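Contents: one structure, followed by commentary.
A short reminder: the numbers here are calculations on the coordinates, not readings from a lab. Note that the structure is predicted; figures quoted are calculated from it, not measured. Cβ: placed from backbone, ideal geometry, glycine included. Neighbour counts: every protein chain shown.
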Amino acid sequence: MVVKENFYVGYSDINKEMQLSNTSILKIFENMACIHGALCGESVKTSDIRWFLTAYEVNVTRRPEIEERICVHTWSREMRGVSACREFEIYDENGELCITGISNWARTNAATQRLERITPDIAAKYESEPQHTNFKKPWLEKLSEPTEYKSHREFTVDRNYIDVNNHMNNVFYLDLAELVLPDAVYEMKESKKFKIMYRRAIKYGETVGCFYSETESSYSVVLRDETGAVRAIIEFEK
């Protein structure tokens with residue numbers, strides 16, 4: 001089952017090059033996942049079920065520009081236990097595939113705060129398509145922590161970061177990572193390939209340290225809490 005929806009690339013969606021930004025891509029993906037969930041009886045508005053992200057990988061071939069109309073596709077690729085794999089595609093107004101994404105999720109009951117298994121009946125509603133893919137594997141590998149860091153900044157999570165699930169929305173992890181990029185890196189065009197691994201939700205009022213590192217092939221930002229525990233890792237390909 002492939003769910004399709006049209007979007008307009010507006011002013012709030014673009015980066016300094018007037019193209020669809022990485023954070024806007026994630027917002028669109030998030031909305032598409034909610035649309036599919038609602039169609040399958042798991043609406044955020046009426047259901048206690050929540051799908052929490054555990055990983056993302058996004059590849060950009062070409063960025064749609066401001067005032068373009070795009071078509072976004074999403075589908076369930078595989079469900080297993082309490083976990084699910086979802087893929088995304090963004091097509092430009094000429095019908096060309098320009099962005100692909102893959103994500104892993106954990107199914108949780110908001111009322112009990114416990115993981116909830118995917119029953120055969122639920123899986124049947126999502127109509128997974130395991131052979132329909134732009135990626136080799138449905139389950140993303142864990143990102144490794146860098147061994148050295150060049151700099152870091154601390155942020156206290158304020159109300160504007162918090163979503164309906166009472167934790168920092170997944171898009172803001174990417175926002176924080178971009179805030180600690182060195183000026184020389186930030187002034188470059190946005191990375192066309194990035195990955196995010198979420199380990200544990202960040203709550204309102206928490207202080208997180210964002211630690212920056214780089215290698216010959218990538219830039220990384222690790223988010224740690226005050227105990228030093230890793231909450232997320234974001235990796236940008238050079």
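Structure values in brief
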item: Net +/- balance of residues flanking N94 in space, Cβ distance below 13 Å, scoring K and R +1, D and E -1; result: -3
item: Nitroxide proxy distance, nm - points 7 Å out along Cα→Cβ at K142 and N6; result: 4.5 nm
item: Under-5 Å amide H pairs with A55, H placed in peptide plane, nonlocal only; result: N104, Y198
item: Summed residue charge, Cβ within 10 Å of V164's Cβ, Lys/Arg positive, Asp/Glu negative; result: +1
item: Nearest-0.05 FRET efficiency for E96 and K150, computed from C-beta distance (R0 45 Å); result: 0.75
item: Relative contact order [Cα under 8 Å, 6+ residues apart], the range 151-237, whole percent; result: 35 percent
item: Set K45/K136; K136/K195; K4/K195; K45/K193 screened for pairs whose C-alpha atoms are more than 22 Å apart; result: K45/K136; K4/K195; K45/K193
item: Zone of N109's modelled label, taken as backbone nitrogen in the range 77-101 under 19 Å from a point 7 Å along Cα→Cβ; result: 80-84
item: Value at 222 nm in deg cm²/dmol, rounded to 500, when DSSP H runs of n ≥ 4 in the chain each add -39,500 (n - 2.57); result: -5000 deg cm²/dmol
item: Least to most buried among T108, T227, T61, T119 (fewest other Cβ within 10 Å first); result: T227, T119, T61, T108
item: Peptides ranked, highest mean first, by Cβ atoms within 10 Å: ranges 174-181, 62-69, 85-92; result: 85-92, 174-181, 62-69
item: Packing-based ranking, highest mean first, of 47-60, 122-135 given that Cβ atoms within 10 Å are counted; result: 47-60, 122-135
item: Extension gain (nm, one decimal) between R69 and V230, 0.36 nm per residue minus Cα-Cα; result: 54.2 nm
item: Directionally averaged shadow of the range 3-126, computed from the convex hull of its alpha-carbon atoms, nm²; result: 7.8 nm²
item: Charge context of S218, other residues only, Cβ under 10 angstrom, K/R +1, D/E -1; result: -1
